[in-house]
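Here is the structure we will look at, set down as structure tokens.
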Amino acid sequence: MSIHHNVLLLGLLTIACVGCSQSPTAFAADTPATVAHLVPLPQSMQPQQGELHLSGAVKLDVDAAAPNARRALEEALSGLGVATDDSAKTQISLQLVDDASLGEEGYRLVVGDDIRLSASSDVGLLYAVQSLRQLLPAQLQPEYRLPRVEINDVPAYGWRGLSLDVARSFLSVDYLEKTIDRMAFFKLNRLHLHLTDDQGWRIEIKAYPKLTEIGGASAVEGGRSGFYTQDELKHLVAYAQARGITIVPEVDLPGHTQAALASYNELACDDVTNLAPYSGLEVGFSVLCLEKPDVVYPFVRTVLEEVLAIFPSQEIHVGGDEIKHPLYADFVSRAAAMVDEMGRTAIFWEEASVGDTKPNVLFQFWNDGYDIAAAVEEGHPLVLSPCSYFYIDHGNYAGQPQTYDWCRKEGVPLARLYSFDPSPFKTAVGIEAALWTELVHTDAAADNRLWPRLAAAAEVAWSPGGKRSYEGFVQRMGALRPHLDAMGVQYHPEPDLGWDEAGRED
Ligand code: ACM
């Protein structure tokens, strides 16, 4: 056993005892190879004596109202070469139960003589399946040994997200599908797509075709251009929904709009100097001409109508960042009211808290020092993305090439992200890590910035603050490396996880 494995085992023993009265030593002496290592850490996990051996085939008993959990389970089993057969000795059951303590997303997973998964919704069962996947190895084996365990789990926060900037540099549908699969494995449930910015407009709007003809053809220098058709986005919405993930679309208004202005010059006040596509790195220079409400607001309404017809998300992101304009607060109030009239709820970046909006409007907190207290006082829900913890375009380590450091010069290492405590934010609905792509131009670079940090974000959002610890996370996450390998993730070889020994490039 290598030193790394010794350390790993010690850590696993520690976490195996979360919420249990059994001595970890006794548990370990039995079957160290089958200790549970789950990320995010469940609310309670009771290891039982012994293990369950699985091979060949299992019998499935699945509630008909849980189609997504069934598909996830069948995919996982077939990936491990386990057939389903009604005469098999071991049964896996997925049952919907009426148990208010589980809420919408909670679940129970019991591995005894059989494997029993229960929840009050398909999505809860889907999470139970993800936990079962983490109890199983990533690779095909002749026989599988599972630790006997009882897990009772509910998330601390309902919003566990990733914001992906597909505007500066485009990410393909294929890459987004992969990312959704990986997010689902860690029980993340919101994929916020930053669909428009100065450097590109990525969403087809049928009433304004030049937005993608012109605005879709540009990108940040060195980045990728492109756009999604409405059919592609509808496909992605369904793909994500089947995996428990809501796609939250963002059309960033009224600033960060050079791609729109270059496509439709009449949206600008100055139709002489600012109308070229833009591929630079500056921010805060473009704005819809708010002095022309008869031009701008019909545009905003039509765009929002088309966006809402694609995305069923209750929350619709209207941007609102990095713009100083005398009519800015008025824009925020009008845009929020428009979204509200359409039966949805607006979410904006924090600056929009200066607007007059209903208290259900959400704000996304991104500058650590921003004074958001008044909005909290008014009851506005917050999505927490303070840049010094969750801007993962910042380095995995200080000085990492092709990363920003404007928010934190030491970058945002795994331990830093993990150390975030959301509890002082009384109206927080959850957290969201953000990957901006000014400097991220390939899928490999995106993977490197996302993983393993996104798994840490998932744990910060899901797991009880008082129970989780970085030491425990490191051990559990370290053990999940083969799963990331099996999913083809080109993760950062994080030294804290012992993942750097292979001498991989970052
Ligand atoms: C932002 O980083 N401008 C939200």
* **Loop trypsin sites (Lys or Arg not before Pro), the range 394-477 (other Cβ atoms within 10 Å of the site Cβ: 13 or fewer; DSSP)** => Lys409, Lys426
* Asked: How large is the charge dipole for the chain, taken about the Cα centre, if only the Cβ atoms of Lys, Arg (+1) and Asp, Glu (-1) carry charge, to the nearest 20 debye?
  -> 1140
* Work from the charge dipole of the chain (Cβ charges, +1 for Lys and Arg, -1 for Asp and Glu, about the Cα centre) and give the residue of Tyr144, Gln95, Val318 farthest towards its positive end. => Tyr144
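Please give the FRET efficiency for Lys358 paired with Gln49, using the beta carbon to beta carbon distance and R0 = 45 Å, rounded to the nearest 0.05.
Given R0 = 45 Å and the Cβ-Cβ separation, E is 0.25.
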* Structure fact -> In nm, the gap between the two label points placed 7 Å beyond Cα toward Cβ at Asp405 and Ala337 is 4.7
* **Rounded, prolate or oblate (a/c below 1.5 giving rounded, otherwise prolate when a/b exceeds b/c) for the range 412-506 by Cα gyration tensor** => oblate
* Check the straight Cα-Cα distances from Lys467 and name the lysines below 28 Å, setting aside those fewer than 8 residues away within the same chain. => Lys187, Lys426
* Counting other Cβ atoms within 10 Å of each Cβ, which trypsin sites (Lys or Arg not before Pro) in the range 324-394 have at most 12 and sit in a DSSP loop? -> Lys324
* Accessible surface of the chain, 1.4 Å probe, proportion on carbon and sulfur as whole % -> 52
* Working from Cα positions, state the angle (0 to 90°, nearest 10) between the long axis of helix 470-479 and the longest principal axis of the chain. => 70
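Cα gyration tensor of the range 263-406, axes a ≥ b ≥ c as square roots of the eigenvalues: rounded (a/c below 1.5), prolate (a/b > b/c) or oblate?
On the way: a/c = 1.73, a/b = 1.13, b/c = 1.53.
Because a/c hits 1.5 or more and a/b fails to exceed b/c, the range 263-406 counts as oblate.
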* Structure fact -> Note to self: with every protein chain in place and a 1.4 Å probe, the chain gives an accessible area per residue in Å² of 37
* Obtain the nm distance between the two label points defined at Thr229 and Cys269 by a simple spin-label model: each point lies 7 Å from its Cα along the Cα-to-C-beta direction. => 3.9
* Nearest 10 degrees, 0 to 90: what angle lies between the long axis of helix 230-241 and the longest principal axis of the chain (Cα atoms)? -> 30
* Expressed in nm to one decimal, what extension gain is obtained for the pair Asp114 and Asp99 from 0.36 nm per residue of sequence separation less their Cα-Cα distance? -> 3.3 nm
* Of the GluC sites (Glu not before Pro) in the range 268-314, which ones lie in a loop per DSSP and count no more than 14 other C-beta atoms within 10 Å? -> Glu282, Glu291
* Along the charge dipole of the chain, Cβ charges K/R +1 and D/E -1, which of Leu162, Gly395, Ala65 sits furthest on the positive end? -> Ala65
* Asked: What's the extension gain from Ala76 to Leu308 if we count 0.36 nm per residue and subtract their Cα-Cα distance?
  -> 80.2 nm
* To do: Compare the Cα positions of Leu125, Val296, Gly465 along the charge dipole of the chain (+1 at Cβ of Lys, Arg; -1 at Cβ of Asp, Glu; about the Cα centre) and return the one farthest towards the positive end.
  => Leu125
* the range 394-506, dipole about Cα centre (Lys/Arg Cβ +1, Asp/Glu Cβ -1), debye to the nearest 20 -> 480
* **Helical mean residue ellipticity (222 nm; -39500 (n - 2.57) per DSSP H run of 4+; nearest 500) of the chain** => -9500 deg cm²/dmol
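Averaged over every viewing direction, what's the projected area of the C-alpha convex hull for the chain? Give it in nm², one decimal, please.
23.3
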* **Zone residues, the range 241-265, relative to Lys292, backbone N less than 16 Å from point 7 Å out along Cα-to-Cβ** => 254-255, 257-265
* With a Förster radius of 41 Å, plug the Cβ-Cβ distance of Asp330 and Glu471 into 1/(1 + (r/R0)^6) and report the FRET value to the nearest 0.05. => 0.25
* **Alpha-carbon centroid distance for the pair the range 249-280 / the range 303-352, whole angstrom** => 17
* Asked: With +1 on each Lys and Arg Cβ and -1 on each Asp and Glu Cβ, how big is the dipole of the range 274-354 about its Cα centre, in debye rounded to the nearest 20?
  -> 140
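The values are calculated or read from the model by the stated rules, or taken from the named source; none is laboratory data. Please read these numbers as outputs of a predicted model, since none were measured by experiment. Cβ: placed from backbone, ideal geometry, glycine included. Neighbour counts: every protein chain shown. Note: accessible area is taken over every heavy atom of the protein model, side chains too, but ligands, DNA and RNA are not part of it. Shrake-Rupley method; radii C 1.70, N 1.55, O 1.52, S 1.80 Å.
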